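First comes the structure, then the notes that go with it.
The values are calculated or read from the model by the stated rules, or taken from the named source; none is laboratory data. Fair warning: this is a prediction, and the values are worked out from it, not measured in the lab. Here the Cβ positions follow ideal geometry from the backbone for every residue, glycine too, while neighbour counts run over all protein chains shown.
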Amino acid sequence: MGALVVLGIVEFEGEEWAVTAARRYARGLLEQEGIEDWEASLVVTELAANAVAHGDGGGFGLAVSVGEDVVRIEVGDSGPGRGLRVKEAEGTDESGRGLLLVDGLSRRWGAVCRTTGTTVWVELERRTASSAAEEAGG
């Protein structure tokens, strides 16, 4: 994988509005590097929403890093992270698909659960704006 360069680390309040702010922050950092990655935006949204929903209300941190061929997203909160796993939601469930989505989009992902909190990390294939356009047929 090679060395990672940290593009940014920021803390957000544990409020619903912070999910949108986290997504915009990450997207802005990646765009400055010429990376246009809807998958990274989606992963940040899912992980931030989980941090707000399942954290202890004390907020969450976001770190965005890049390597030669990878984008790494990390979201940490002070929640316990018990039962952190991919599960199959029932057809009518309104939640429960976030980690399934993360699992499908990522190269690999995992979580570090400590008594002080949980950090979920996700590694995605790094795509530039031009490679994304080529994949889309443009």
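Return the residue satisfying two criteria in turn: it lies in the stretch 7-21 and is in a strand (DSSP E or B) and β-branched (Val, Ile, Thr), and of such residues it is surrounded by the fewest Cβ atoms within 10 Å (Cβ to Cβ).
9
How about the stretch 1-30: which of its residues are touching a residue at least 12 places away in the same chain (Cβ under 8 Å) and of a type in the set (D, E, K, R)?
Scanning the stretch 1-30 gives 11, 13, 15, 16, 23, 27.
How many of the residues making up the stretch 71-91 are touching a strand residue (DSSP E or B) at 6+ places or on another chain (Cβ under 6 Å) and either modelled with pLDDT of 95 or more or not aliphatic (A, V, I, L, M) (or both)?
Total satisfying the criteria: 10.
Are there any pairs with C-beta distances below 8 angstrom linking a residue in the stretch 104-123 that is more than 14 Å from residue 44 (Cα to Cα) and surrounded by 19 or more Cβ atoms within 10 Å (Cβ to Cβ) to a residue that is among the β-branched types (Val, Ile, Thr) and modelled with pLDDT under 90, with the two at least 6 apart or on different chains, and if so which?
118/112
Filter the stretch 48-62 down to the residues that are at pLDDT below 95 and either among the hydroxyl-bearing types (Ser, Thr, Tyr) or closer than 12 Å to residue 74 by Cβ (or both) and list them by number.
Correct list: 51 only.
With 57, 61 as the choices, which residue is part of a loop (DSSP other than H, G, I, E, B) and touching a residue at least 12 places away in the same chain (Cβ under 8 Å)?
Unique residue meeting the criteria: 57.
In the stretch 27-67, what residues are of a type in the set (Asp, Glu) and surrounded by fewer than 20 Cβ atoms within 10 Å (Cβ to Cβ)?
31, 33, 36, 39, 56, listed by residue number.
From the list 47, 30, which one is within 17 Å of residue 125 (Cα to Cα), of a type outside the set (Phe, Trp, Tyr) and part of a helix (DSSP H, G or I)?
Just one listed residue meets the conditions, 30.
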